Amino acid sequence: MIVNNWYVAAESTEVVENPVPVRMLGCDFVLFRTTAGEVACLSAVCCHRGGDLSRGKRIGSCLQCPYHGWEYDRNGRCTKMPALGDDASPPKRARVDAYPVEERYGYVWVFLGDMLPAERPALPDFLPMYADDSWRVVRLKRDWHANWARVHENLLDASHLFLVHSFGRHLPAKMTVWPVTKTACGGQVIQKYPARAVAVTAVNQAQAAQTRSESTVTLDFSIIGLMHRNDQQMSNGYDQIIWNCLTPIDADHTRNFGLHFRNSRKSPDHDAETLKAIQWGLTEDAAVVEHLRPRLMPVTPAGELWMGTDNMERLYRDQATAFGQRLGAIDVRRHEDLVRDRVLVIPSPGRREDPDGWVHGTVPLQAAAGGGASKNAMS
């Protein structure tokens, strides 16, 4: 699991009055809104005696621990310790990690890492059409009992469509090997399909079953944000865009946030049908992906027999590995062993600015090529 990266923590509409618990990268976080309406993200474990801050309550622009009433501001600093009296000044060590937050596309994105603003990767703008009212947009969310990389590789894979998906029954098994292009933070492939061999989804089938058409499918992915976009332009004018973003809950579970854009049948009356079709396709995927072995992304390709038709997935794996080495990645095996008897958190930018005086240690990281994440697991 890659640190120093942006992840969707929740839909913006979920973060209103009460604290929202979120688990990402095997660690627990809490989201809350300040009185100014800004979203804050803190490590959810109180540094006093381990209280769960997500079960506390907001007091002004602070979050109160439900155990002893310690209050934390949006920067993670403890501002009040009731047992010591109103005049007490909390010590420097009375703080928890706080993480950068950005709201985009109706989602709360959190930067999980310690990079300072000047070195932090920017979140790519994958959806410039988001505010374009010529599209009808629906949201979806799904949890997978599978590793994030396994899920993402599947969503980029085209050679399973004819067999795994009911909407792909009309597709030929033989695949064209389309050239892939490496981009700054991901990759792209452009595929062209003739009439009656179009790589459509169940949504397209429902929309335009009577007019199979030629199509151009542009598939882009980004390791920054763990997202991809499937842009389907069809000669009959029924275009659609499917965007998915993945957040690792832990090494074995993934939360899938998605948006579907369509330029036809834009009445809200068709939203339920659209979502049902998309979720059905993902259910068909899950029946395979949740049983892949090994459960994590293989360290090397030596244990698998790759074909030319796997070139997009191979590029994804290469990019994921490269970004993990550059930005830092959690040592999952060590982490799972260590958290049995201690609290370990994702290092935040505050630790780079002020590395001394923290109660909780940080997650163990694999060796990274270059700066960024703190490498001392107990710092």
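The values are calculated or read from the model by the stated rules, or taken from the named source; none is laboratory data. For clarity, every value in this text was computed on a predicted model and none was experimentally measured. Cβ placement follows ideal geometry from the backbone for every residue including glycine, while neighbour counts extend to all protein chains displayed.
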Practice task
Return yes or no: is ASP269 free of Cβ contacts under 8 Å to residues at least 12 places away in the same chain and either in a strand (DSSP E or B) or not assigned by TED's automatic domain parsing to the domain that holds ALA9 (or both)?
Solution key: yes
Problem - Residue selected from the range 138-161 under the condition farther than 16 Å from HIS228 by Cα and modelled with pLDDT of 95 or more, by the criterion surrounded by the most Cβ atoms within 10 Å (Cβ to Cβ) - result: ASN147
Problem - Condition broken by TRP109, with the remaining ones in (1) surrounded by fewer than 21 Cβ atoms within 10 Å (Cβ to Cβ); (2) outside the structural domain of ARG314 (by TED's automatic domain parsing); (3) part of a strand (DSSP E or B) satisfied - result: (1)
Handout entry: Only listed residue being in contact with a helix residue (DSSP H, G or I) (Cβ under 8 Å, 6 or more places away or on another chain), under 29 Å from ASN263 (Cα atoms) and assigned by TED's automatic domain parsing to the domain that holds MET227, chosen from HIS160, HIS145, HIS170
Key = HIS160
Problem - Search result, residues across the range 52-66 that are touching a Pro at 6+ places or on another chain (Cβ under 8 Å) and closer than 20 Å to GLY357 by Cβ - result: LEU53
Practice task
Check off (1) touching a residue at least 40 places away in the same chain (Cβ under 8 Å); (2) assigned to a strand (DSSP E or B); (3) of a type in the set (A, V, I, L, M, F, W, C) for CYS78 and give me the number that stays unchecked.
Solution key: (1)
Exercise for the section: Sort out which residues of the range 180-193 are free of Cβ contacts under 8 Å to residues at least 12 places away in the same chain and not small (Gly, Ala, Ser), and write them in order of number. Expected result: THR181
Exercise for the section: With the checklist (1) assigned by TED's automatic domain parsing to the domain that holds LEU42; (2) surrounded by 14 or more Cβ atoms within 10 Å (Cβ to Cβ) in hand, flag the one item GLU102 doesn't pass. Expected result: (2)
Completion exercise
Across the range 162-184, the tally of residues that are surrounded by 12 or more Cβ atoms within 10 Å (Cβ to Cβ) and of a type in the set (Gly, Ala, Ser) stands at 1
Fill in the blank from the handout: TYR72: passes all of (1) surrounded by 19 or more Cβ atoms within 10 Å (Cβ to Cβ); (2) of a type in the set (Ser, Thr, Tyr); (3) out of contact with any Ser or Thr (no Cβ under 9 Å at 6 or more places or on another chain) but (3)
Problem - Count of the range 112-145 residues which are in a strand (DSSP E or B) and under 29 Å from ALA272 (Cβ atoms) - result: 9
Completion exercise
When (1) over 27 Å from ARG139 (Cβ atoms); (2) crowded, with 16+ Cβ neighbours inside 10 Å; (3) in contact with an Asp or Glu (Cβ under 6 Å, 6 or more places away or on another chain) are applied to SER235, the one that fails is (2)
Exercise for the section: Can you give me the number of residues within the range 35-70 that are under 24 Å from the mean Cα position of the chain (by Cα) and hydroxyl-bearing (Ser, Thr, Tyr)? Expected result: 2
Exercise for the section: Mind listing just one residue for me: the one in the range 242-257 that is in a strand (DSSP E or B) and among the charged types (D, E, K, R) and, of those, surrounded by the fewest Cβ atoms within 10 Å (Cβ to Cβ)? Expected result: ASP250
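Does ALA367 satisfy the condition of being of a type in the set (A, V, I, L, M, F, W, C), assigned by TED's automatic domain parsing to the domain that holds VAL96 and farther than 30 Å from ARG262 by Cα? Steps first, please.
Values: of a type in the set (A, V, I, L, M, F, W, C): yes; assigned by TED's automatic domain parsing to the domain that holds VAL96: yes; farther than 30 Å from ARG262 by Cα: yes.
So ALA367 fits the description; yes.
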Fill in the blank from the handout: Filter the range 112-129 for residues that are within 18 Å of the chain's Cα centre (by Cα) and under 22 Å from LYS141 (Cβ atoms); the one that is surrounded by the most Cβ atoms within 10 Å (Cβ to Cβ) is LEU112
Exercise for the section: Find all pairs meeting these conditions: Cβ atoms under 9 angstrom apart; at least six residues apart or on different chains; first residue within the range 28-54 and at positive phi and touching a residue at least 60 places away in the same chain (Cβ under 8 Å); second residue surrounded by fewer than 24 Cβ atoms within 10 Å (Cβ to Cβ) and part of a loop (DSSP other than H, G, I, E, B). Expected result: GLY50/TYR67; GLY50/VAL343
Problem - Failed criterion for GLY85 (all others in (1) at pLDDT below 95; (2) under 24 Å from TYR107 (Cβ atoms) hold) - result: (2)
